[in-house]
Amino acid sequence: MLFEAVLEERHVGRAAQRLSLSPSAVSHGLGRLRRLLGDPLFIRTPRGVTPTDRAVQLAEPIAGVLAGARGVLASVAPFDPASSRRRFVVGAPDGVSAVIVPPLLTRLRSTAPHIDLGVRQLLPLEGETNPVRAWRGAFDELEARTLDIAVIPLDDIPVRFHRQAVFEEDFVAAVRMGHPAADRLDLDAYCALPHLVVSATGDPYGFVDVVLAREGRARRIALTAPNFMFALTLVAESDMVCALPRRFAATYGPRFGVVGLEPPLPLGRFRLNATVPLPALADAGLSWMLDQLAEG
């Protein structure tokens, strides 16, 4: 646990606070690990510590051992959310986590005030057309127990995993308030507008292009942005249109002066599923957290 805390915090003081230990105790513990493993493990820097190559190599197997131990303990120990001090790591695309995390934090404050969360951004494998293979990175992390729960837009979940529906989602055409096309967004107007595409790699081709191609249409992609929140700020300051998840746009659009318009043709609908490996269901705490996510 000490190795894990220092690796994640990249700072001895913060790791000590997380473990309820003194910085001196953490330093002594690191010294014992260094002697045991024959490697410095962490190098001091002006901003904290940085892991050595050996520490990075050890991160995954150590995480697996710790996850297994926690799973065994969790399966035999009662789980009381009001007193639990567990930390859960939840992964999701940014447009999803921005919607599910705020209400989850509100519930945790009243029912589980000592539980901590880690939120990770999950992305499909760029260029992979098979949906299951596109999300295999999330499945690998779940099985390695470096991720507790993955919330992904996929129904065809492999049978070795349990899924629990969180909500269904589709897309709107987001534009700034007062946009000239806001009163009439037909297909011609939509295709004529400059488009912003959310793409982590900068690839200027997305699912909207597939939908338009079926109608014999195309669009001009004027800009790509790496995530939905950044895209929202860019739409607010331009005449571009961007396909954004409906709930995300409804939650954050008003803060930026952005409105979500019904697109001139359906852009697809999907269900978000909270996913865990089947053996993890024996963990009462993890099952509880799944239920919290499913509450929306």
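Among the residues of the stretch 214-228, write down those that are surrounded by 11 or more Cβ atoms within 10 Å (Cβ to Cβ) and either part of a helix (DSSP H, G or I) or under 26 Å from the mean Cα position of the chain (by Cα) (or both). Within the stretch 214-228, Ile221, Leu223, Thr224, Ala225, Pro226, Asn227, Phe228 meet the criteria.
In this structure, does Ala231 turn out to be open to solvent by 20 Å² or more (accessible area, probe 1.4 Å) and hydrophobic (A, V, I, L, M, F, W, C)? Taking the combined requirement at face value, the residue does not satisfy it.
Where helices (runs of 4 or more DSSP H) fall wholly inside the stretch 1-61, the ranges with 1 or more residues that are surrounded by fewer than 15 Cβ atoms within 10 Å (Cβ to Cβ) are 12-19, 23-37. On the basis of being over 19 Å from Leu123 (Cβ atoms), at pLDDT 95 or above, touching a strand residue (DSSP E or B) at 6+ places or on another chain (Cβ under 6 Å) and part of a strand (DSSP E or B), does Val175 make the cut? Yes, satisfied.
Taken as a whole, the stretch 236-259 holds no residue that is modelled with pLDDT under 95, assigned to a loop (DSSP other than H, G, I, E, B) and touching a helix residue (DSSP H, G or I) at 6+ places or on another chain (Cβ under 7 Å). Looking across the stretch 149-172, the residues that are part of a strand (DSSP E or B), under 21 Å from Val208 (Cα atoms), of a type outside the set (Asp, Glu) and open to solvent by less than 20 Å² (accessible area, probe 1.4 Å) come down to Ile152, Val172.
Among residues of the stretch 122-142 being at pLDDT below 90 and in a helix (DSSP H, G or I), the one that is least open to solvent (accessible area, probe 1.4 Å) is Ala134. Of the numbered criteria (1) under 19 Å from the mean Cα position of the chain (by Cα); (2) open to solvent by 70 Å² or more (accessible area, probe 1.4 Å), the one Glu262 fails is (1). Being touching a Pro at 6+ places or on another chain (Cβ under 9 Å), basic (Lys, Arg) and at pLDDT below 95 is a condition met by no residue of the stretch 183-198. Among the candidates Phe161, Phe167, Phe171, the residue that is of a type in the set (A, V, I, L, M, F, W, C), more than 16 Å from the chain's Cα centre (by Cα) and under 17 Å from Leu293 (Cα atoms) is uniquely Phe161. Considering the stretch 95-104, and only residues there that are of a type outside the set (A, V, I, L, M, F, W, C) and open to solvent by less than 30 Å² (accessible area, probe 1.4 Å), the residue that is nearest to Gln17 (Cα to Cα) turns out to be Ser97.
The values are calculated or read from the model by the stated rules, or taken from the named source; none is laboratory data. Only a predicted model underlies this, so the values are computations on that prediction, with no experimental measurement involved. Every residue, glycine among them, receives a Cβ derived from its backbone with ideal geometry; neighbour counts consider all protein chains shown. Calculation scope for accessible area: heavy atoms of the full protein, side chains included, ligands and nucleic acids excluded. Shrake-Rupley method; radii C 1.70, N 1.55, O 1.52, S 1.80 Å.
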